[in-house]
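The values are calculated or read from the model by the stated rules, or taken from the named source; none is laboratory data. Small disclaimer: the values here were computed from a predicted structure and weren't measured. Positions of Cβ are generated from backbone atoms using ideal geometry, with glycine treated the same way; all protein chains shown enter the neighbour counts.
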Amino acid sequence: MCRAIPKFEAQDSQFIVSLFVPHNGFMPHIKARHRSQASPVCFPLQLNSWIPCVFLFAFLQALPSAARDRSAPAQDPGYVEALATADHFMQAWQSGDIGNGTALLSSHSKEKATTEALENFFDGSRLSAYEVGRGKLIKRGRYEFPVVLVSANEKGSHVRRRFSSVVVVDTGHNDWAVDKLP
């Protein structure tokens, strides 16, 4: 329930007016004081009870968006299989396993790649690691995953990062294969 502000002394009302009534620099203080005394203003909350609410609201707005509860968008059912195929292919690259790596290639990429290029790609003589990023649906049954190939020389003193992507396709019957080498 709203209550009218009780009458105060002249200096008290000037303090209240300066808190709640916006003041234009060109408007004389007398008019502002006159207006506030002529029409009583209703305040449903006391000053000390709404200030914490303002601070709480400001704090919640300042939280990073990742901390807020948001549900992830629904993924295509084939996304998990495509991601697993990209990960298995990159594991074969990391371990230098050319047999398992070529088994995961599509017929199109096997025709396109030469034996020498595959041997160079799967050369496991140096320390290597990889990062697979979030995939993007190119079209139905075809995903592209950004990858970072990290390799170091024998001494480990020089690290090389190469940014590329792996394209994985559905070859039918829920069988996924790598269609583009990084």
Inside region 130-144, the number of residues satisfying the requirement of being touching a Leu at 6+ places or on another chain (Cβ under 8 Å) and within 15 Å of Q94 (Cβ to Cβ) is 2
Practice problem: Examine region 121-131 for a residue that is modelled with pLDDT under 80, part of a helix (DSSP H, G or I) and either of a type in the set (F, W, Y) or in the same structural domain as N174 (by TED's automatic domain parsing) (or both), and state whether such a residue exists. | Solution: no
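Residue-by-condition table, conditions (1) within 25 Å of G78 (Cβ to Cβ); (2) of a type in the set (D, E):
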position	(1), (2)
D123	no, yes
Y130	yes, no
L137	yes, no
R140	yes, no
Y143	yes, no
L149	yes, no
N153	no, no
R160	no, no
S164	yes, no
Within region 147-182, restricting to residues that are under 20 Å from V80 (Cβ atoms) and of a type in the set (S, T, Y), the one that is surrounded by the most Cβ atoms within 10 Å (Cβ to Cβ) is S165
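Checking the condition part of a helix (DSSP H, G or I), touching a strand residue (DSSP E or B) at 6+ places or on another chain (Cβ under 7 Å) and at pLDDT below 90, which residue from S109, S151 passes? Full working, then the answer.
Details: S151 fails: part of a helix (DSSP H, G or I).
Going through S109, S151 in turn, just one is part of a helix (DSSP H, G or I), touching a strand residue (DSSP E or B) at 6+ places or on another chain (Cβ under 7 Å) and at pLDDT below 90: S109.
Give the residue, chosen from E144, E81, E119, E131, that is of a type in the set (D, E), out of contact with any His (no Cβ under 8 Å at 6 or more places or on another chain), under 21 Å from F163 (Cα atoms) and surrounded by 15 or more Cβ atoms within 10 Å (Cβ to Cβ).
On the way: E81 fails: under 21 Å from F163 (Cα atoms); E119 fails: surrounded by 15 or more Cβ atoms within 10 Å (Cβ to Cβ); E131 fails: surrounded by 15 or more Cβ atoms within 10 Å (Cβ to Cβ).
Just a single option satisfies the conditions, and that option is E144.
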